[in-house]
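Every number here is computed from the coordinates shown, using simple stated rules; none is lab data. Fair warning: this is a prediction, and the values are worked out from it, not measured in the lab. All Cβ positions, even for glycine, are placed from backbone atoms using ideal geometry, and neighbour counts span all protein chains on display.
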Amino acid sequence: MISRSFSLPGRVATRLGAFQLSRRLYRDLVAAAAAATLAITSLGGSSTLAHGPDPLLGTTPWDQDQIVGYQWAPWGVPPAWMATAIDAGAADVGESRHSRAAKFTRVSSATSKIAYGGGVPCSSYGIACMNRTGVPDHFEGMWFRPHGWPFDWGNLRWCQGLSTPANGCYDAENVALDEFGHIEMLGHHVNNADESDFVDSVVQFAARSRPKVGWNEHVFGRCDVARLQLEYALSSSADKVSTCLSLGTSLSIVAGATTIGTGSSVRVTGNLKVGTSSSAKLLSGDPLSNRSIALQRKLPGATTWATVGALSPNTSAGSYGLTITPPQTYDYRLLFATPSGEGLLASSSSTVRITVNDCAPAAGAAPNMPVKDMPLPPCS
Amino acid sequence: MSGRRWSMSLAPPIAVLAVALVLSRFQAGAEAGGKATPPVAGACAASPIARDAAGKPKRDVGPGSWWKLTERLDRAGAMAGRQLAVGRGGSIALLLDLATETVASGPIGGVVVVATDDERRSEIRLVSSLGACSWLVDQSADVVRGAILDPGDGSVLAHLVDRQTRADLGTWRFGRKDALAEPMLVAPALAPGAIDGPIWITDLRLDQPGHLLAVQSCTDSGCLTRLFDVRVPGKGPTVLAGGQGSLLGFAGGHLLTWAACPGFPCGIQSWDIATAKATSVLDRADAAAVTLDGRFVVASTDAGAVHTLRIELGSGTRALIKGISADDLLLPVGVAATSGVQLGADEIPVGAPGANPHSFRPAAAEVIP
């Protein structure tokens, strides 16, 4: 109780810190675009979560990217084949978390213990279990029943403990990954009634034995990753959002100038973010880089948009840009189409008109002054 | 079930032979820490259950008795067997090297019930911590998966599965006083389809008066409990269905179970036996135990702390208590338990990993203001 009461405020502070940073970036971007139009809209609107990320287990997450060391319990040191499998499961977390979730690594001395046999406190019907009490300082333990443990149906066999894997054995690396998923704070995935979505998650109520589908998955499933991303955020703004999510996005447009002279160039920039939403949790408002953003234009009063080109990434996260030389006055917008490989919804920016003149407006006459002033004659 | 392959009787010569065969597997061993060598286990001359003048088993014999089951692993890390240690207080009375498929329960009246299977037949034994001896109750060609003592008459309630198919064969009463009688079915096998998936574990628990037998059948994702009134053979059970985890124990007209959780912390549920409905007792606990009299549930709510929560189930009164050392854990009771200690009605089992279990009396614990 005491350690949890200490840990929780720290986590809240961390999360608030991330949110405030995001808000600060947002304000900075607004200020920098003093001469341009800034507007944000989104298509698809709501940030609904589709298909069900794993439910939460517990309330206290680890710190982002925290390295959690573990050691073998002195009374339950696993045999080499099991040690290898558990360590591999820990490595699988780091390789498939696609988020800033904690990583696990075996060290020579740690408070977090993993045991093989030797008084397993799991439910009587469990082949492995864990206790995530102690997060974010440590986890209380992880336990694996030994090879040969008798159940009503027969004796437990770990595949890695067999010289020749046989049907009915359980993959210890898969089960270890499941347990590490719990320790992250993943609850059991809620499968469809026919379990057609079983491989969407490694963190299942019941592991599958060889050779059933999913018996030897060694990476988190997309709905495991979805929950990790919601709770720990993306590793980088270029990371793909899990397709187990369906998050709205927001796209802003900033024109370097809204009135330019004929033949002048103007840079159009945009910022793509996850839409602000409580359901998007830690992803809410986060920038999205390396996505495809298209610039479209139409004549004032027209209804049909035509694509002008694709924006290139800017150096700052979630920022894109394209320099154009408008031949005449157009309305412009940015478009982010729904991607096929990740759980983001399409969005388009508001419209900004870039007027092409042969003259320059008088100083202070318009709210949006050209950035690249040219020696144009004053407009009459 | 008429075709069951029970040993026909326990006529003395056969019993002696059987005991001798089993004793051939007994071995003396070093006490933990290598300080002493326990005496060689022997065959009890008679049932080790002490009885009062009326023939009723005495529960208060052998206070401080305990048992521990430890796995014996081969060089590849696979279970090669289990070693049973039985003792009292700080001393070991006997050690037995047994097969992998071995369970133990109790002690009650200084007697541990042990069921072990050598892949050809199962044996049910009463092991005495006082006499450092073992008494064969019965043998079965089927596999005995769990066995508990009925302190009302000294018989043993045992759950069986088929040796070939591992199908549930129900729970049977062995070793009635009229010992020549064949085992009697107490609780039939769970009907096919009553629970989704193969049964992984079947646990047995008898309430304090010895009237209600809880038979809990668990798949790999949850359990179903049937409650049988053992005084009324053939009476249909009360079924407690819905999300539940392993058994914790009886508490008056309620049965306490864990919630169906992936691990710990986990919630504790109380099932009203009359309505078969569950209510939450505690949202999260790392370990828990119920006193035999059902008055208290004691829960560790933070395995890293020394504080322990005591809930008086009748009133719901909660208190943080002292008295359980930081090394001690609340020990599970049931078919998968690896240790047990003789308990008074108001006690729970505790113990540190590898150490001898001992009892703890929550009613007497100091309350943290």
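Looking at the square roots a ≥ b ≥ c of the eigenvalues of the Cα gyration tensor of region A:100-208, which shape do they give, rounded for a/c under 1.5, prolate if a/b is larger than b/c, or oblate? In terms of gyration-tensor shape, oblate.
Identify the trypsin sites (Lys or Arg not before Pro) of region B:134-184 meeting these criteria: DSSP loop state and at most 10 other C-beta atoms within 10 Å of the C-beta.
Working: sites: B:ARG145, B:ARG163, B:ARG166, B:ARG173, B:ARG176, B:LYS177; in loops: B:ARG163, B:ARG166, B:ARG176, B:LYS177.
Passing both the DSSP loop test and the Cβ count: no residue.
Past 29 Å, Cα to Cα, is the threshold; run B:LYS58/B:LYS277; A:LYS212/B:LYS235; A:LYS103/A:LYS273 against it and keep the listed order. From the list (B:LYS58/B:LYS277; A:LYS212/B:LYS235; A:LYS103/A:LYS273), the Cα-Cα distance tops 29 Å for B:LYS58/B:LYS277; A:LYS212/B:LYS235.
Contact order for region B:214-255, expressed relative to its length and based on alpha carbon pairs under 8 Å spaced 6+ residues apart, stands at 33 percent.
Overall, region B:42-141 carries a charge dipole of about 340 debye about its Cα centre when +1 sits on the Cβ of Lys and Arg and -1 on the Cβ of Asp and Glu, all other atoms neutral. When the Cα gyration tensor is reduced to axis lengths a ≥ b ≥ c, the ratio a/c is 1.5 or higher for region B:282-338, and with a/b not above b/c it is classed as oblate.
Amide H contacts for B:SER155 (H built 1.01 Å from N in the peptide plane; partners 5 or more residues away or on another chain; cut-off under 5 Å): B:ASP150.
Within the straight-line cut-off of under 16 Å between alpha carbons, the aspartates and glutamates reachable from B:LYS322 are B:ASP302, B:GLU312, B:GLU347, B:GLU366, sequence neighbours fewer than 8 places apart in one chain being disregarded. Take the Cα of A:ARG353, step 7 Å toward its Cβ, do the same at A:SER265, and the gap between the two points is 2.6 nm.
Placing unit charges on the Cβ atoms of the charged side chains and taking the dipole of chain B about its Cα centre, the candidate lying farthest along the positive direction among B:GLY175, B:ALA115, B:LEU224 is B:GLY175. For B:GLU182 and A:ASN167, a Förster radius of 25 Å and the Cβ-Cβ distance give a FRET efficiency of 0.10, rounded to the nearest 0.05. Taking 0.36 nm per residue of sequence separation and removing the Cα-Cα distance, the B:ARG318/B:VAL367 pair yields an extension gain of 16.7 nm. Simple point charges give the picture: +1 on the Cβ of Lys and Arg, -1 on the Cβ of Asp and Glu, and for region B:44-90 a dipole about the Cα centre of about 60 debye. Here region B:187-266 is assigned +1 on the Cβ of each Lys and Arg and -1 on the Cβ of each Asp and Glu. Its dipole about the Cα centre then comes out at about 220 debye.
How long is the gain from A:THR111 to A:SER235 if the chain were fully straight, where each residue apart is worth 0.36 nm and the alpha carbon distance is subtracted? Working shown, then result.
Working: separation 124, 0.36 × 124 = 44.64 nm, distance 2.66 nm.
Result: 42.0 nm gained on full extension.
Please work out whether chain B counts as rounded, prolate or oblate from its C-alpha gyration tensor, where a ≥ b ≥ c are the square roots of the eigenvalues and a/c under 1.5 means rounded, while otherwise a/b larger than b/c means prolate and anything else oblate? Mind showing how you got there, number by number?
Numbers: a/c = 1.56, a/b = 1.20, b/c = 1.30.
Oblate.
Annotation: amide H of B:GLY245 within the under-5 Å range of B:TRP258, B:ALA259, B:ALA260, sequence separation 5 or more or interchain, hydrogens built in the peptide plane. Centroid-to-centroid, using Cα positions, region B:48-96 and region B:187-203 are 29 Å apart. For B:GLN208 and B:ASP327, the FRET efficiency from 1/(1 + (r/R0)^6), where r spans their Cβ atoms and R0 equals 25 Å, is about 0.25. Residue separation of A:THR325 and A:LEU299 scaled by 0.36 nm, minus their Cα-Cα distance, works out to 7.9 nm of gained length.
Pairwise Cα separations in region B:195-255 fall into 5 Å bins from 0 onward with the following percentages, short to long: 4, 19, 29, 25, 14, 8, 1. Each principal axis of the Cα cloud of region B:61-220 was taken in turn, and the coordinate range along them, longest first, works out to 47, 45, 28 Å.
Quick check of the Kirkwood formula: for region A:59-123, what is the inverse mean of 1/r over all pairs of different Cα atoms, in Å? Walk me through the numbers on the way to the answer.
Numbers: mean 1/r = 0.0779 Å⁻¹.
For region A:59-123, inverting the mean 1/r across all distinct Cα pairs yields 12.8 Å.
Cα centroid distance between region B:258-333 and region A:132-210, in Å? If we compute the Cα centre of each part, the gap is 26 Å. Peptide B:74-81 is shielded by partner chain Cβ atoms: per residue, an average of 6 of them sit within 10 Å of its Cβ. The calculated FRET efficiency for A:SER292 paired with B:ASP283, based on their beta-carbon distance and R0 = 51 Å, is about 0.65.
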